[in-house]
Amino acid sequence: MDIELLREFVYLAEHLSFSNTAYHFFISQSTLSKHIFRLERETGCPLFVRDTQSVAITSYGKTLYEDAIDIVSQYDHAVNRLRKQRQNESEISDFQIGYPHLFYNNFLTQGIRKFINEFPKIDISHRVYYEMDEVYNALKNGDIDIAFALSSDRINDQKFEYIVLFRNSFKVLVSPDHRRAGGNSVTPSELEGEICISPNDNFSIFSQN
């Protein structure tokens, strides 16, 4: 049984939404449906009842869910132990960095390029995530070694350390005929009533008034 299929099953069982689950794992709903059908074929039991309006988990699905949580957790624990053992027994020759997809800017590319030039024997792997929650979870689960974030406000785990690389400010982009065009600065209160698009705490885009 594929551990990644179990991850998808657990998420689907907790959220009961094919669209949200497919979105979370960056796959199409048809692909997710095939994966669930594969699990049902392997177990020989129907796991979900799905119609055009809703998704419900069956009694067989609930039973599998109880064990799947432990299986996924034990697998991740074993992988983390192996990674720590490898780090303790050998010199670090590679590491993985993670960041939200909107963060891959000129600063990051230049920094990585400079690091590679100075340490050519160390391999860097990239993992791009859609939301900051996914970056934090990946760091906590040991999927990545270094995370890039917009702020340290949400880093409350004592085992993590952070370094402030730079401080920046938001810019407001408006059309040339906007009432605030041509100004040097603007305060949040001056934007009251405006329809804005900005990143939220998860560093995904949303619109607000």
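A few points about this structure:
- Residue, modelled with the highest pLDDT, within the range 7-26, restricted to residues that are part of a loop (DSSP other than H, G, I, E, B) and closer than 16 Å to Glu131 by Cβ: Phe25
- Criterion violated by Pro46 - all others in (1) part of a loop (DSSP other than H, G, I, E, B); (2) at pLDDT below 90 satisfied: (2)
- Checking Arg154, Arg83 one by one, the residue that is part of a loop (DSSP other than H, G, I, E, B) and either at pLDDT 80 or above or surrounded by 12 or more Cβ atoms within 10 Å (Cβ to Cβ) (or both) is Arg154 and no other.
The values are calculated or read from the model by the stated rules, or taken from the named source; none is laboratory data. Bear in mind the structure is a predicted one, so any value in this text is a computation, not a measurement. All Cβ positions, glycine included, derive from the backbone under ideal geometry; neighbour counts span all protein chains shown.
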